[in-house]
Amino acid sequence: MSLTVRGGNRAAAGTHAREAAIVNAVADQRHTEQKDLPAQVRRWVQVAERITVLTGAGISTDSGIPDFRGPSGVWTKNPGAERTATLQHYLSDPELRIAAWQTRLHHPMWSAEPNAGHQALVRLEEAGKLQALVTQNIDELHQRAGHAADLVVEVHGTARWTRCWSCGDRRQMSETLARVTAGEQDPPCEQCGGILKSDTISFGQDLVPDVIERAMRASAECDLLLAIGSTLSVYPAANCVPVAKAAGALVVIVNGEATAMDQLADAVLVGSISDLLDRIVD
Ligand SMILES: [Zn+2]
């Protein structure tokens, strides 16, 4: 596990006692020769009152769900798979949809369980500190770990539901996968015959403006942003980091490798995400 500190751009101390405590904590951290950064972040979590969390695929890899852009990522190992996730190709190519349904049918997501990292974030909610959990993930493992559904902001949608591209009919994915298992290679919408897709945001598909606005507002109104398991290279989700920073929040990045925004963070923890989260949340 390697630890990296970035603390040089913290704003000057305000008059608020809690902010003063945080600034003192930052000074303490520099004097402890950065030897126990997780313990330092743990103290920030203890004094924070409004925490916004952003999660990416890295938090789910310990649950057996491969990420996309990491060293063992789905798209790193098989660039062609990215085509399936592109709306224009999905809608125009029946063969690609048949392959996509088979991929969904055998996806490790259906047997995945929340891990210690997901559980640690539930403790933030139980402590009354969590104001929003913005996630790029489509696996619903945060909700399954026990979060209130209205705290989870799914910027890229969810793969546990299907949506009809024509009429918008929305159903549980399990219902549609049962039709695939029963022999329908590319099951059409039962209401209108339209094309069904997982209720996720594909490449080339518009994001949901209200959802993105909520994610940015939660980032602007927090005093601590935890960015976890994301390479922070996919926008607009990655904008949570500069938005929180500009609003004066402390920013902590927790990931298995360096991210595109490490230079903006007050602390960067690199290592096992589930282990690190377990250490920084009481
Ligand atoms: Zn339909």
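Observations, loosely collected:
- Residue 186 among the acidic types (Asp, Glu), in the same structural domain as residue 119 (by TED's automatic domain parsing) and on the phi < 0 side of the Ramachandran plot: no
- Considering region 191-204, the residues that are touching a helix residue (DSSP H, G or I) at 6+ places or on another chain (Cβ under 9 Å) and within 16 Å of the ligand (Cβ to nearest atom) include one that is nearest to residue 135 (Cα to Cα), namely 199.
- Residues of region 266-282 satisfying the condition of being part of a loop (DSSP other than H, G, I, E, B) and either under 18 Å from residue 125 (Cα atoms) or charged (D, E, K, R) (or both): 266, 281, 282
- Some residue of region 251-264 being within 18 Å of the chain's Cα centre (by Cα), within 16 Å of the ligand (Cβ to nearest atom) and over 24 Å from residue 39 (Cβ atoms): no
- Test result for residue 276, under 20 Å from residue 62 (Cα atoms) and at pLDDT 95 or above: yes
- Residue under evaluation residue 214, criteria (1) without any contact (Cβ under 8 Å) to a residue 60 or more places away in the chain; (2) more than 16 Å from the ligand (Cβ to nearest atom), criterion not met: (1)
- Odd one out for residue 149 among (1) under 18 Å from residue 214 (Cα atoms); (2) touching a residue at least 60 places away in the same chain (Cβ under 8 Å): (2)
- Selection of first residues in region 192-208 that are assigned to a loop (DSSP other than H, G, I, E, B) and of second residues that are within 16 Å of the ligand (Cβ to nearest atom) and aromatic (Phe, Trp, Tyr), restricted to Cβ pairs under 7 Å at least 6 apart or on distinct chains, gives the following pairs, ordered by first then second residue: 194/165; 202/90.
- Of the strands (runs of 3 or more DSSP E) lying entirely inside region 129-179, those carrying at least 3 residues that are within 16 Å of the ligand (Cβ to nearest atom) and either farther than 19 Å from residue 240 by Cβ or in the same structural domain as residue 92 (by TED's automatic domain parsing) (or both) are 157-164, 170-172.
- Residues located in region 116-143, provided they are closer than 14 Å to residue 59 by Cα, touching a residue at least 24 places away in the same chain (Cβ under 8 Å) and surrounded by fewer than 21 Cβ atoms within 10 Å (Cβ to Cβ): 116, 119, 122
- For residue 186, the requirement of being within 17 Å of the chain's Cα centre (by Cα) and within 16 Å of the ligand (Cβ to nearest atom) is not met.
The values are calculated or read from the model by the stated rules, or taken from the named source; none is laboratory data. Keep in mind it's a predicted model, so treat the numbers as computed, not measured. Don't worry about glycine lacking a Cβ; one is built from the backbone with ideal geometry, like all the others, and counts go over all protein chains shown.
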